[in-house]
Amino acid sequence: MNKGVVRSSKFRHVFGKTLRKEDHYENIQSNVSAQDSNLCDANAKYFAVPWRGGGGPFVVWPLNKPGRLPQNVPLIAGHGAQVTDLHFSPFHEECIASASDDTTAKIWKFPDDGPTKTIEEAQMTLAGHYKKIILVRWNSVADNVL
C-alpha cells in the first residue's frame with residue numbers, strides 16, 4: 001500500500017483577489033422572483049437587470065460606471081407584468097428586447113450613453129401570444145430578426 005501518497009492540487013498556487021469597492025456595482029434592486037428568467041443580460045457596453053417595482057421595469061446601466069446605482073435610477077418600464085427575459089441585439093448596442101408575463105415582447109432603443117430618464121414607450125410591441133413569454137432571443141447572424 002502507498003500510505004504516503006498525497007495528490008497535489010493543480011490550483012495550490014492560485015489565489016483570489018477581492019475587488020475594490022469602486023470596481024463593482026451596488027444598490028441593484030433586482031426582481032429575482034421569476035424562476036424561469038435568465039436574471040440579466042449584458043453586451044460590451046451595458047448590462048440589464050429586471051428591477052423591483054410594479055409593471056415589470058428593468059434597468060440598463062453602462063458597464064463603465066461602476067459604484068452605487070442612484071436611488072432614482074432611470075428605468076425602462078412599459079410592460080404590464082413582470083419581465084421574464086432580456087436580450088441585447090448583437091448588431092445594435094443600444095437596442096434590447098424584453099419578454100414579459102403580460103404576453104408581449106417589446107423592443108426598446110435608448111441613447112448612446114444609456115437611459116437618462118425613464119422610458120415608457122417601446123420602439124415596437126409584439127403581441128398575440130396567449131401565454132406568458134419566457135424566452136426572447138435575437139438572431140446572431142441576421143440583423144433585425146428576433
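Accessible area per residue for the chain is 66 Å², calculated with a 1.4 Å probe on protein heavy atoms, without ligands, DNA or RNA. Using a cutoff of 8 angstrom between alpha carbon atoms and counting only pairs six or more residues apart, the relative contact order for the stretch 61-111 works out to 26 percent.
Could you work out what % of the accessible surface of the stretch 1-122 is carbon and sulfur, using a 1.4 angstrom probe and leaving DNA, RNA and ligands out of the count? In the stretch 1-122, the share of accessible area belonging to carbon and sulfur is 51 percent. Per-residue SASA remark: residue 11, around 140 Å² accessible (1.4 Å probe; ligands, DNA and RNA not included).
What is the sum of charges, Lys and Arg at +1 and Asp and Glu at -1, for the other residues whose Cβ falls under 14 Å from the Cβ of residue 25?
+1
Reported value for the stretch 107-146: 117 Å³ per residue, from the convex hull of its C-alpha atoms.
Could you tell me the relative contact order of the chain? Use alpha-carbon pairs under 8 Å, at least six residues apart, and round to a whole percent. Kindly include the intermediate steps, with their values, before the conclusion.
Details: 289 pairs, mean separation 27.0, N = 146.
18 percent.
Summing Lys and Arg as +1 and Asp and Glu as -1 over all other residues whose Cβ lies under 14 Å from the Cβ of residue 54 gives a net charge of -2.
Taking all protein chains as they are arranged and a probe of 1.4 Å, the heavy atoms of residue 121 leave approximately 150 Å² accessible to solvent. When only alpha carbons of the stretch 25-106 are considered, Rg and Dmax amount to 12.0, 34 Å. Cα-based count: Lys pairs in the chain below 24 Å, eight or more positions apart or different chains? Here the count comes out as 14. For the chain, the Kirkwood estimate of hydrodynamic radius, built from reciprocal distances between every pair of different alpha carbons, is 17.0 Å.
The values are calculated or read from the model by the stated rules, or taken from the named source; none is laboratory data. What you see is a predicted model, and the numbers here were worked out from it, not measured in a lab. Note that we place each Cβ from the backbone using ideal geometry, even for glycine, and neighbour counts take in every protein chain shown. The area values use the complete protein model at the heavy-atom level, side chains included, leaving out ligands, DNA and RNA. Shrake-Rupley method; radii C 1.70, N 1.55, O 1.52, S 1.80 Å.
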